[in-house]
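Taking it in order: structure first as structure tokens, then the write-up.
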Amino acid sequence: MRAKWSVALTALAIAGGCGPAMAQAEPGRYGGGFIEYLMTRDAQGPGRRPAVDGYGALGGPRPVALAQPPARFAALPTSSAPEDVAIARTVDPRYARQVVAYDGPGRAGQIVIDTNAKYLYLIQPGGQAIRYGIGVGRPGFVWTGAKTITAKREWPDWTPPAEMLRRRPDLPRHMTGGPENPLGARAMYLGTSLYRIHGTNEPHTIGQNVSSGCIRMMNEDVVDLYERTPVGTRVEVI
């Protein structure tokens, strides 16, 4: 009996050091019985939780701390470092913030928004721009024209306009700023219109036609843009 338990403990030690590849061994390899069960239960039983949405656990995406901006942004300092904003993020990589060559309309310091491509450009000197992925208006709510940033708010409150409440009477009449607020971490108000460039608590909507005309950005991106653009910045929507 002592010899049998010695063999069992040796088998368990081997299994602990080999990881999943050993757990997936073919039935019968370990002689059946109790040792066979111990060596193969992870592969056969419900002990492992399947990955969901790429995060390795049930219950939807988990919030992750914002990473520092890539090194290529070191040449474009802001007045203060963007604060950490914890959000869940599953976005197409093509909408990641990056510096690109730019030969479109506008001049350095201005913002150009391409609603078809779902990109916002903050024009830089030397034929470059910082490009951000955005979400734009649903069909029937897309607009074009030139505006000016007339106000800026951190973690803004949200009061849905009357037009929106008529379409969505289920919406709250007022919502204080914070991580659950649809306007996200920052908002930049465009002229006297109801439109804003703002963050979102639904980052998966970036790259889509989702809003009632506002321009949505990932929270870490709108914080970055907010620090770089003063009141009075011209915004051209094309």
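The values are calculated or read from the model by the stated rules, or taken from the named source; none is laboratory data. In this text, all values refer to a predicted model and were calculated from it rather than measured experimentally. Every residue, glycine among them, receives a Cβ derived from its backbone with ideal geometry; neighbour counts consider all protein chains shown. Side chains are part of the model used for accessible areas, which takes the heavy atoms of the whole protein and leaves out ligands, DNA and RNA. Shrake-Rupley method; radii C 1.70, N 1.55, O 1.52, S 1.80 Å.
Going by the conditions given, is Ala129 crowded, with 17+ Cβ neighbours inside 10 Å and touching a helix residue (DSSP H, G or I) at 6+ places or on another chain (Cβ under 6 Å)? No.
Checking the structure you have, find out if any residue of segment 201-209 is buried (at least 21 other Cβ atoms within 10 Å of the Cβ) and either charged (D, E, K, R) or within 22 Å of Arg131 (Cα to Cα) (or both).
yes
Can you spot a residue in segment 182-199 that is open to solvent by 50 Å² or more (accessible area, probe 1.4 Å) and charged (D, E, K, R)? No, there is no match, as no residue in segment 182-199 is open to solvent by 50 Å² or more (accessible area, probe 1.4 Å) and charged (D, E, K, R).
Checking Ile206, Ile215 one by one, the residue that is closer than 22 Å to Gly140 by Cα and in contact with a Leu (Cβ under 8 Å, 6 or more places away or on another chain) is Ile215 and no other.
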